[in-house]
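All remarks here apply to the structure that follows.
Here, each number is a calculation from the coordinates, and none is a lab measurement. Just so you know, these numbers come straight off a predicted model, no measurement behind them. Here the Cβ is made from the backbone with ideal geometry for all residues, glycine too, and neighbour counts use every protein chain on show.
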Amino acid sequence: MSISIKNISKSYKKLKALDDVSLEIKQGELFGLIGPDGAGKTTLFRILTTLLFADEGKATVAGYDVVKDYKSIRNSVGYMPGKFSLYQDLTVEENLNFFATIFGTTIEENYDLIKDIYIQIEPFKDRRAGKLSGGMKQKLALSCALIHKPKVLFLDEPTTGVDPVSRKEFWEMLKRLREKGISILVSTPYMDEAELCDRIALIQGGKILKVDTPENIIENHHKQIYNVRSRETYRLIQDLKDYPGSESVFAFGEYIHFTSSEETFEEQKLEEYLLEKKHEELEIHPTKASVEDVFMDLASTSET
């Protein structure tokens with residue numbers, strides 16, 4: 001295994017950031033840690049990259065213990081934090097040279113590894129990092145994290161605040177890196193990015209809710225979800241929550257996703273109920289579950 005996490009727990013005073021977390025991440029796998037802000041993603045990353053001690057449990061990265069072998073881990077991993085943390089006053093090339101020197105290598109030695117990424121920002125190699133766009137900063141940070149040819153790459157919410165085109169390009173780059181045998185652990189609050197990973201772990205409140213491939217997580221969700229829409233979205237949400245047998249109601253793009261706890265749910269009765277509530281331009285139809293639907297269901301169950 002590239003990363004092994006066994007019963008890791010961490011608290012900040014009375015706040016339990018991680019609660020008995022266990023995970024196994026395979027060599028060469030693109031693994032996603034999916035959850036909202038405050039779920040415990042960054043705390044776990046800091047423990048795995050030896051920046052923080054766990055209160056309980058054990059973990060190994062690339063075969064090294066995170067406590068005993070912290071120096072070996074720091075030489076074996078690449079870490080890209082959520083906030084851009086490179087030297088803003090240095091140019092693109094100066095930043096990359098600096099990180100290569102720290103790890104006793106050169107840009108030329110490992111250029112093949114970063115070529116696909118760096119070639120997009122190389123025309124701006126003399127520009128200061130602080131003057132780059134969000135997407136270009138992201139590519140520079142990834143290049144710096146890769147320049148020493150790490151065995152494991154940690155990416156903590158790398159696409160937060162980045163435009164959709166840059167997000168798509170970034171995930172395409174990650175897939176190419178995976179093909180080179182690098183294990184990648186990426187955290188994200190964006191549920192649509194979950195389906196781009198080989199496997200994912202859904203995390204909420206410091207607890208792992210489910211671990212599997214995105215496809216299996218969706219296929220094993222057996223609750224029927226309905227897309228519901230009307231002219232007055234806010235009032236529709238309230239009326240759906242008041243409907244007898246209503247189990248979950250939450251906004252999902254232009255629709256409201258609705259599930260019922262009734263064994264014999266009748267779509268027609270819901271339609272009649274909403275028409276009685278004077279909803280206009282009403283639309284109700286079944287839809288396929290997404291990772292977000294499964295997450296919302298598991299998160300609500302874990303809270304009860």
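How much of the DSSP beta bridge set in the chain is antiparallel, as a percent to the nearest 5?
65 percent
Give me the net charge of SER230's neighbourhood, meaning all other residues with Cβ under 10 Å from the Cβ of SER230; Lys, Arg count +1, Asp, Glu -1.
0
Among the listed pairs LYS41/LYS137; LYS139/LYS168; LYS16/LYS41; LYS10/LYS207; LYS125/LYS180; LYS149/LYS175, give every one whose C-alpha distance is greater than 19 Å.
Beyond 19 Å between Cα atoms: LYS41/LYS137; LYS125/LYS180.
Take the Cα pairs of the chain, get the Kirkwood Rh, then feed it into Stokes-Einstein at 4 °C and 1.567 mPa s and tell me D in µm²/s.
61 µm²/s
May I ask you to give the average projected area over all directions of the convex hull of the Cα atoms of region 48-146, in nm² rounded to one decimal?
7.0 nm²
Taking the Cα centre of the chain as origin, sum charge times position over the Cβ atoms of Lys and Arg (+1) and Asp and Glu (-1), and report the length of that vector in debye to the nearest 20.
It comes to approximately 1680 debye.
If amide hydrogens are placed 1.01 Å from N in the peptide plane, which non-local residues have theirs closer than 5 Å to the one on GLU56?
HN-HN under 5 Å from GLU56: SER9.
Any idea what diffusion coefficient region 140-202 gets from Stokes-Einstein, in µm²/s, Kirkwood Rh on alpha carbon pairs, 20 °C, 1.002 mPa s?
174 µm²/s
State log₁₀ I(q)/I(0) for region 222-288 at q = 0.12, 0.13, 0.18, 0.28 Å⁻¹ as given by the Debye formula over alpha-carbon point scatterers of equal weight, solvent excluded.
-0.24, -0.29, -0.57, -1.55
Please name which of ALA129, THR101, LEU30 has its Cα lying farthest along the dipole of the chain towards the positive end, using unit charges on Cβ (Lys, Arg +1; Asp, Glu -1) and the Cα centre as origin.
Ranked along the dipole, the leading option is THR101.
What is the distance in Å between the Cα centroid of region 227-265 and that of region 85-140?
48 Å
Kindly state, as a whole number, the per residue volume in cubic angstrom of the convex hull around the alpha carbon atoms of region 1-89.
Normalising the Cα hull of region 1-89 by residue number yields 123 Å³.
How large is log10 I(q)/I(0) at q = 0.10, 0.11, 0.13 Å⁻¹ when the Debye formula is applied to the Cα atoms of region 85-211, each weighted equally and without solvent?
-0.33, -0.40, -0.55
Name the residue farthest towards the positive end of the dipole of the chain from the options ALA62, THR259, VAL165, assuming +1 on Cβ of Lys and Arg, -1 on Cβ of Asp and Glu, about the Cα centre.
Ranked along the dipole, the leading option is ALA62.
Could you give the alpha-carbon Rg of region 182-233 over 2.2 N^0.38 Å, rounded to two decimals?
1.46
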